[in-house]
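To keep things clear, I will list the structure first and then write my remarks on it.
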Amino acid sequence: MKPYMTPASALPPIPDREEDRLAALRRYELLDTPAEPAFDQITRLAAKLLKVPVALISLVDRDRQWFKSRIGLPVQETPRAHAFCAHALESDAILVVGDARRDERFAGNPLVTGDPNIRFYAGAPLRTADGLALGTICVIDDQPRAALTPEEEEALRDLSAMTMAHIEARRAVGYLHPVTSLSNRFRFLADLDAMIANREGNAAAGDDAPTVAVVIDTAASEQYAQLTRVLGQVCADAFEVDCARRLAGCLPERARLYHLSPARFACILFGRPDREERDDDLEATLDRISAAIRSPFQYQGVPIASSTGIGFVRLPDSAAGSVELLRAASSAAHQSLEEQKPWCTYDEEQDRAAHRAFLLLRSLTEAMAAQDQLHIAYQPKVDLRTDRCIGAEALLRWTHPELGPVSPAEFVPLAERTALVRPLTEWVIGAVLRQVAQWHRQGIALPVSINISMLDLGTGDFADRVESMLDRHGVRADWIDFEVTESALMTDRAEVDRQLHRLRRLGIAVEIDDFGTGQSALSYLKDIPATAVKIDQRFIRSIATERSDQIMVRSTIDLAHDLGYLVIAEGVETQEAYDWLRLHGCDIGQGYLMSRPLPPAAFEAWLAAGAFRPAALPA
Ligand code: C2E
Ligand code: MG
Ligand code: MG
């Protein structure tokens, strides 16, 4: 059978504001959703009242009509070109087709010539408050019929109004937060958009008082997660309800309160036109909010304190859309939390840094796939007793296509805050193993140190993955070692220890990097199954002259030696530092004095030029 092509004269007309209509249809989130009893009750009632076998709620999409509810019809959708309903959108009148075979628009329609053999059709449009027809509620018979009686017409109109009321109510529920029944993030964004759109109108009317959007984090996200974990969801919900109550209690009359996401609220404050008092009013309100949410919350008699952040943006200051405003206010709230200030306004400088971080994170995946963005540089490690190069540290380099060179000190900590750190580490290990295998083929047998994050070790299968990568590249375990830095973002400590022991059993040496900084405490030295400690460069830079550094480093060397570790000093920049370290028994040195980190070919040339021997020392 030849497929039916609707002749141009029989195609449904395209309504005037078609794109707006389609956008509205999307916003209601009805298309391709499961059947819902409330809609099916309406179509059943339509079929009964109008005594027809088929009743439908049809939504007219760009190329199809899709049935949200259908009685007596097996198909879920039909092409728009065949849809009777698509002819019913333009007019408010009910479209009635008494006998489709006698209507030239429908006589050749496959729904008429074949199943379901439509003869009679009556459809009433489903129109939104702003006049956009989403589709119809319609009834269909396979027998021709005369026009609708006035009662039938009234029934169909009522059913159409009921359907629309239900569609609106359904959407309103989608705008509420289930825990507090406050308006949710979608409502917040929609309200902001409406305010931005009306701003010019308001300004023209002389109402130029600024509207302020405020984001209130009533607990840092980890804290909220912990609250849920330790005391359960019921307590976390109670916390949110309490926050909502306190916030509602301290907002001015015209403000609107929203519940955006767990422990995150927002409000819109409307400025008063009497200019003088405006800023004082705002500050007083913010102070009240801050005081209200900062007093500890009680759950079954247990006081629970949380850290909070409040950030705000003024609407007229910004030409941005709602999503951007929300982001700016959230960034300000984050800043208030970090700096422990009662509230912060949006800070562009700070935000630029956050933007850059986001841009870097977004392009890091692409960088790993690209051929020419990530490279490894190799910095020699020198035995201080023999002045010979005994290894190298692999240091990651990134040339971003727009931002140019980006330091690993900037992007590695960012990657550590996301799931990207694992693939990044894997990329580095792969690149280093290829290079090490290649060097061994060339007769260069130097162990290469790879920096890894504690977070890599918390993942459970790190050692397994390393083992299989060694196999794949034909690299022996003692041709590489790992440098680990204790991270502030500590993961499962027991898992880290298990992985480190497994690495050691594989025959891979482990060095504690940046020793003496941050959290690399003595207890850490005792617990970690390491082979060496690498004293951080900030103690080494002025080692030849700074007495306090000398004391620290000397005792670290002794302690580490007593515990059986090798000692490495990083950041050796001067001959004096080199000499001092050598004299005090430090085993290995690394720094710009010997060489900067070099691309592989330059590193080979450096090696070929002869092992490092400081001029001042006897050969
Ligand atoms: P790190 O592991 O402590 O590496 C030593 C850093 O000191 C390197 O900076 C190196 O270029 C620099 N450096 C070496 N000698 C001297 C010196 O004499 N004077 C001074 N002022 N600096 C010196 P870089 O390459 O910028 O790396 C910074 C940090 O980024 C590294 O510190 C490491 O924590 C991290 N990193 C680098 N590559 C990787 C990697 O592949 N994976 C991971 N997870 N982290 C990496
Ligand atoms: Mg290192
Ligand atoms: Mg270091």
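Residues that are away from ligand 2 (no atom under 16 Å from the Cβ), aliphatic (A, V, I, L, M) and more than 19 Å from R385 (Cβ to Cβ) within segment 583-606 comprise A601, A602, A605, listed in sequence order.
Away from ligand 1 (no atom under 15 Å from the Cβ) and assigned to a helix (DSSP H, G or I): does that describe R538? Explain how you work it out, then say what you get.
Details: away from ligand 1 (no atom under 15 Å from the Cβ): no; assigned to a helix (DSSP H, G or I): yes.
Considered against the rule, which asks whether it is away from ligand 1 (no atom under 15 Å from the Cβ) and assigned to a helix (DSSP H, G or I), R538 comes out as no.
Meeting the requirement of 3 or more residues that are under 22 Å from the mean Cα position of the chain (by Cα) and either of a type in the set (A, V, I, L, M, F, W, C) or modelled with pLDDT of 95 or more (or both), the helices (runs of 4 or more DSSP H) wholly within segment 144-236 are 185-204. For segment 397-421, name all the residues that are surrounded by 17 or more Cβ atoms within 10 Å (Cβ to Cβ) and touching an Asp or Glu at 6+ places or on another chain (Cβ under 8 Å). Residue satisfying the conditions is V421 alone. Based on this model, can you work out whether L457 counts as at pLDDT below 95, within 16 Å of ligand 2 (Cβ to nearest atom) and at negative phi? Against the criterion (at pLDDT below 95, within 16 Å of ligand 2 (Cβ to nearest atom) and at negative phi), L457 qualifies.
Every residue, every condition in (1) at pLDDT below 85; (2) over 29 Å from A190 (Cβ atoms), yes or no:
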{"position": "E277", "(1), (2)": "yes, yes"}
{"position": "R294", "(1), (2)": "no, yes"}
{"position": "A305", "(1), (2)": "yes, yes"}
{"position": "S318", "(1), (2)": "yes, no"}
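Being within 16 Å of ligand 1 (Cβ to nearest atom), more than 33 Å from the chain's Cα centre (by Cα) and of a type outside the set (D, E): is that true of I508 here? The answer is yes for I508. Total residues in segment 535-593 satisfying the condition of being away from ligand 3 (no atom under 16 Å from the Cβ), surrounded by fewer than 16 Cβ atoms within 10 Å (Cβ to Cβ) and either not basic (K, R) or not assigned by TED's automatic domain parsing to the domain that holds E486 (or both): the figure is 15.
Quick one: would you say M490 is within 15 Å of ligand 2 (Cβ to nearest atom), farther than 20 Å from P600 by Cβ, at pLDDT below 95 and not basic (K, R)?
Considered against the rule, which asks whether it is within 15 Å of ligand 2 (Cβ to nearest atom), farther than 20 Å from P600 by Cβ, at pLDDT below 95 and not basic (K, R), M490 comes out as no.
Taking segment 562-582 as the range and being more than 15 Å from ligand 2 (Cβ to nearest atom) and either in contact with a helix residue (DSSP H, G or I) (Cβ under 7 Å, 6 or more places away or on another chain) or without any contact (Cβ under 8 Å) to a residue 24 or more places away in the chain (or both) as the test, the residues that pass are D562, L563, G564, A577.
Scanning segment 541-565 for residues that are hydrophobic (A, V, I, L, M, F, W, C) and either away from ligand 1 (no atom under 16 Å from the Cβ) or within 41 Å of the chain's Cα centre (by Cα) (or both) gives I551, M552, I557, L559, A560, L563. Within the option set A445, A431, A394, being within 27 Å of L593 (Cβ to Cβ), touching a residue at least 40 places away in the same chain (Cβ under 8 Å) and surrounded by fewer than 19 Cβ atoms within 10 Å (Cβ to Cβ) holds for one residue only, A431.
On inspection, V382 passes the criterion of being closer than 26 Å to G589 by Cα, outside any helix (DSSP H, G or I) and either assigned by TED's automatic domain parsing to the domain that holds A605 or within 15 Å of ligand 2 (Cβ to nearest atom) (or both). Going by the conditions given, is A86 under 12 Å from V60 (Cβ atoms), in the same structural domain as A55 (by TED's automatic domain parsing) and part of a helix (DSSP H, G or I)? Against the criterion (under 12 Å from V60 (Cβ atoms), in the same structural domain as A55 (by TED's automatic domain parsing) and part of a helix (DSSP H, G or I)), A86 qualifies.
Is it fair to say S449 is part of a helix (DSSP H, G or I), at negative phi and out of contact with any Pro (no Cβ under 7 Å at 6 or more places or on another chain)? Don't jump to the end; show me each part of the working.
Values: part of a helix (DSSP H, G or I): no; at negative phi: yes; out of contact with any Pro (no Cβ under 7 Å at 6 or more places or on another chain): yes.
In short, no.
The values are calculated or read from the model by the stated rules, or taken from the named source; none is laboratory data. All figures in this text were calculated on a predicted structure; none of them were measured in a lab. Glycine gets a Cβ as well: all are built from the backbone with ideal geometry, and neighbour counts include every protein chain shown.
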